[in-house]
Amino acid sequence: MPNAPREKLRLTFIISIEVRWLHLEWMCRELDREQFDISVLLVSLGGRTPHLKQFLIDHDIPFQHLHCTLAPLSLLRTVYAIYRYCRKERVDVVHTHMFLASLVGLLGSRLAGTPVRVNTRHHHLKHRSRSIIWLDRLANRLATHIVIASQLVHERLLQEQRTVSHKLARVRFGIDLDAFRGIEPERVAALRKKYSLSGQAPVIGVIARYLKSKGIQYVIPAFRELLEQYPSARLLLAYARGPDRRFIQEALAELPSESYLEIEFEDDVFALYQLFDVCVHVPTGVDLETFGLIYVEALAAGIPTVFTLSGVGPEFLTHRHNTWLVEHRNSAQIHQGLETVLASRELRERLVHNGSRSVEALFDLQQMVHALADLYHEWARLAAIPYSQRQTAHSIKGTVTNARGPSSS
């Protein structure tokens, strides 16, 4: 039988993401160091340096940077490195994020005998190849627990992949609401100067990778129509990179070159939101976002929005209450939404006020951190119980947990 969990849990995050990722920064910052020894394994493709590396150095958090490629031998070496680390450090809980990190991290930690292996689902597998689906199901089997952030992912895992329900825990992502508010005017002015936005109004903001599923190709014609009424308007496209970049740029060629701006990366995303008069996020289908942080961040930043429903959106967004909703793949409705929101100060103030209240109620950072901390301790406790007793405990406790505590839905 496994040893009883130590009073102070050894928790290792394993992630594969090169850009700045606020979620992990906030988790590392807010988790109680009296309860957790935190470390991080950064898995990166092609030798690129993850942005999180400097944050971990600055906050004195132990980490290892594992270079990896998709070649089988490189993947196996990464699995072995994770196995050795988990064995040497006697890790109690591994928590993986993103597909690559989940695959190598869960396999390596399973071989090392790590008792609690958690995977947060940041993806879905619609229209993916059979081999990818098989690997994803392998990761689900290797995980002892799966954290999901939206009802959509919960339903997909149960229906499409037949994931064992007692593995699932519902924890909504939380954000540092204060980080999006009270932004110093100097920071906003600096970005406005940096991107030459003086005299440009209104600014229509889009924060999305260049993927057809993000619906940017439907925003561009809507913005072209908006230019007739607002000749000095500017379309600001942030995180402007991705596999469909050529496709998006061909669509952008229909706009005057001075009417739009592409930004590949901006570190001060909090001030960036304050440049927007309206934020647009229009995924092309309800199941194309597993969560959709832009929905939450834009409302937290106090920006009027035009959205389509996807991911977590249907759970808290209401037309004319906290956002302006449009149909998927509908440029005419996006244009109408932009025009209506820009024309009505009363509407903008209502959307901002109600949007702020919505995110305060549902997406508070401390709710998320406390929920995950409680689950880590509970799962570590269950890992020390013989299998038959764990099954009984699961059946009594229920299967889904949200940021407010256990729930049966």
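Side notes on the structure shown:
- Residues (assigned to a loop (DSSP other than H, G, I, E, B) and surrounded by fewer than 22 Cβ atoms within 10 Å (Cβ to Cβ)) located in segment 319-333: R320, H321, E327, H328, R329, N330
- From the list F55, F63, F99, the one residue that fits, being at pLDDT below 95 and touching a helix residue (DSSP H, G or I) at 6+ places or on another chain (Cβ under 7 Å), is F55.
- One residue stands out in segment 197-211 among those that are without any contact (Cβ under 8 Å) to a residue 60 or more places away in the chain and of a type in the set (G, A, S): the one that is nearest to D268 (Cα to Cα), namely S198.
A quick yes/no check of all residues on (1) open to solvent by 10 Å² or more (accessible area, probe 1.4 Å); (2) not in a strand (DSSP E or B):
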| site | (1), (2) |
| --- | --- |
| V280 | no, no |
| P283 | no, yes |
| V286 | yes, yes |
| T290 | yes, yes |
| I294 | yes, yes |
| E297 | yes, yes |
| G311 | no, yes |
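- Per the listing F316, F307, F265, the residue uniquely hydrophobic (A, V, I, L, M, F, W, C), open to solvent by less than 10 Å² (accessible area, probe 1.4 Å) and either modelled with pLDDT of 95 or more or farther than 17 Å from Q217 by Cβ (or both) is F307.
- Restricting E30, E18, E89 to residues that are open to solvent by 20 Å² or more (accessible area, probe 1.4 Å) and more than 23 Å from the chain's Cα centre (by Cα) narrows the list to E89.
- Single condition L255 does not satisfy, out of (1) in contact with a helix residue (DSSP H, G or I) (Cβ under 9 Å, 6 or more places away or on another chain); (2) within 29 Å of F55 (Cβ to Cβ): (2)
- Restricting V19, V79 to residues that are out of contact with any strand residue (DSSP E or B) (no Cβ under 9 Å at 6 or more places or on another chain), β-branched (V, I, T) and in contact (Cβ under 8 Å) with a residue 40 or more places away in the chain narrows the list to V19.
- Members of segment 170-205 found to be assigned to a loop (DSSP other than H, G, I, E, B), within 29 Å of Q367 (Cα to Cα), open to solvent by less than 30 Å² (accessible area, probe 1.4 Å) and out of contact with any helix residue (DSSP H, G or I) (no Cβ under 6 Å at 6 or more places or on another chain), listed by number: F173
- Those residues of segment 232-248 which are open to solvent by 10 Å² or more (accessible area, probe 1.4 Å), more than 21 Å from the chain's Cα centre (by Cα) and closer than 16 Å to G205 by Cα, in sequence order: S232, R234
The values are calculated or read from the model by the stated rules, or taken from the named source; none is laboratory data. These numbers were taken from a predicted model, which means no experiment stands behind them. Because the Cβ atoms are built from the backbone with ideal geometry, glycine has one as well, and the counts that use them run over all protein chains shown. Calculation scope for accessible area: heavy atoms of the full protein, side chains included, ligands and nucleic acids excluded. Shrake-Rupley method; radii C 1.70, N 1.55, O 1.52, S 1.80 Å.
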